[in-house]
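All remarks here apply to the structure that follows.
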Amino acid sequence: MEELIARAAEAIVGSELTIALTGAGVSVESGIPDFRSAGGLWEKFDPAEYATIEAFRADPEKVWRMLREMDAVVRGAKPNPAHTGMGELERMGYLHCIITQNVDNLHQEGGARNVIEYHGNAATLSCLSCNEKYRADEKRGNETPRCRCGAILKPDVVFFGEAIPYDAMNRSFQLASAAKALMVVGTSAVVSPANTIPSIAKRNGAVIIEINMERTHLTDSITDIFLQGSAGQIIARLVEAVKERAGGKG
Ligand code: APR
């Protein structure tokens, strides 16, 4: 593994533009279960019944039961060394932007400033009837949050069947097309269109560094350097290896 970490650090230090694509695996060590591993969220809640915009419109009260459970877990979560390590790489100038599929705000709390929230963020709620916006923490409680117009509010996260925010999609495509190195961290890469980012980067000549607990369909197809294990531990070692190669700068 040390040799692979050394190769990944070389690629990052030698890259003029390094970006990252992250998924739920990067927050598992913060206590937030991912979706598709054993014991993941979709084992408990069928995404077809709880995570589509149709399901939300049909029975928002039911979907809010899952959302409240997720909120309770996310609210208590703190950034782990994967988040803080990526924040440090950004501060050192070796990570330009993090495109995250997560809605837990932990990259920002871990020090990263240039974060694209590809699936939105759970910190704000919107009214599908009158477009009024609220902060999630001002509507937290046991009842289903309602707008002053009476309609049930929806978190500003992207449900299956909804469009990716245009700005997020556009900026991500541009960065993936220009990147010289892409870190893919803690994602099964099964959900589109986020999972097109690694192939866009690869097609444009980026080195693909995959950090994941398990092999994914990317590992044997487009990944150049596969670092298998926990994101928190691997990224902490990667940051040290980058510092050594950068002459201890940073
Ligand atoms: N370190 C590294 N990788 C990990 C860790 C860890 N500590 N724990 C889990 N993983 C890996 C799992 O092996 C898996 O490959 O992270 C990946 C998580 O995959 P998913 O659960 O599918 O999560 P993600 O890829 O983010 O899902 C994408 O699907 O349901 C939608 O909107 C939801 O944004 C989500 C999208």
Next item on the list: Determine if the range 117-128 includes at least one residue that is over 18 Å from the mean Cα position of the chain (by Cα) and open to solvent by 70 Å² or more (accessible area, probe 1.4 Å).
Entry: yes
Checklist line | Test: Trp64 is open to solvent by less than 50 Å² (accessible area, probe 1.4 Å) and either free of Cβ contacts under 8 Å to residues at least 60 places away in the same chain or in the same structural domain as Pro198 (by TED's automatic domain parsing) (or both) | finding: no
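Can you say whether Asp167 is under 19 Å from the mean Cα position of the chain (by Cα), at pLDDT 95 or above and open to solvent by 50 Å² or more (accessible area, probe 1.4 Å), as far as the supplied structure shows?
Values: under 19 Å from the mean Cα position of the chain (by Cα): yes; at pLDDT 95 or above: yes; open to solvent by 50 Å² or more (accessible area, probe 1.4 Å): yes.
When the stated conditions are applied, Asp167 passes them.
Taking the stated definitions as given, is Ala122 touching a helix residue (DSSP H, G or I) at 6+ places or on another chain (Cβ under 9 Å) and either of a type outside the set (S, T, N, Q) or at pLDDT 95 or above (or both)?
On the way: touching a helix residue (DSSP H, G or I) at 6+ places or on another chain (Cβ under 9 Å): yes; either of a type outside the set (S, T, N, Q) or at pLDDT 95 or above (or both): yes.
Answer is yes for this residue.
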Notebook entry, point to check: Of (1) open to solvent by 50 Å² or more (accessible area, probe 1.4 Å); (2) of a type outside the set (Lys, Arg); (3) part of a helix (DSSP H, G or I), Phe56 satisfies all except one. Which?
Noted result: (1)
Note to self: It is to be established whether one or more residues within the range 80-97 are in contact (Cβ under 8 Å) with a residue 12 or more places away in the chain, in the same structural domain as Asn212 (by TED's automatic domain parsing) and part of a strand (DSSP E or B).
What the structure shows: yes
Next item on the list: Out of Asn131, Asn142, report the one residue that is open to solvent by 80 Å² or more (accessible area, probe 1.4 Å), at positive phi and either at pLDDT 95 or above or away from the ligand (no atom under 14 Å from the Cβ) (or both).
Entry: Asn131
Next item on the list: Filter the range 184-234 down to residues that are more than 9 Å from the ligand (Cβ to nearest atom) and charged (D, E, K, R) and give me whichever is nearest to Gly40 (Cα to Cα).
Entry: Glu210
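Looking only at the range 1-59, count how many residues are among the small types (Gly, Ala, Ser) and either on the phi > 0 side of the Ramachandran plot or near the ligand (Cβ under 8 Å from one of its atoms) (or both). Please lay out each step first, then the result.
Taking the range 1-59 first, the residues among the small types (Gly, Ala, Ser) are 6, 8-9, 11, 14-15, 20, 23-25, 27, 30-31, 37-40, 48, 51, 55, 58.
Of the ones still in play, those that are also either on the phi > 0 side of the Ramachandran plot or near the ligand (Cβ under 8 Å from one of its atoms) (or both) are 23-25, 31, 37, 39-40, 51.
Count: 8.
The values are calculated or read from the model by the stated rules, or taken from the named source; none is laboratory data. As the structure is a prediction and not an experimental result, all values here were calculated from the model. Every residue, glycine among them, receives a Cβ derived from its backbone with ideal geometry; neighbour counts consider all protein chains shown. To get the accessible areas, we keep the full protein, side chains included, count just its heavy atoms, and leave off ligands, DNA and RNA. Shrake-Rupley method; radii C 1.70, N 1.55, O 1.52, S 1.80 Å.
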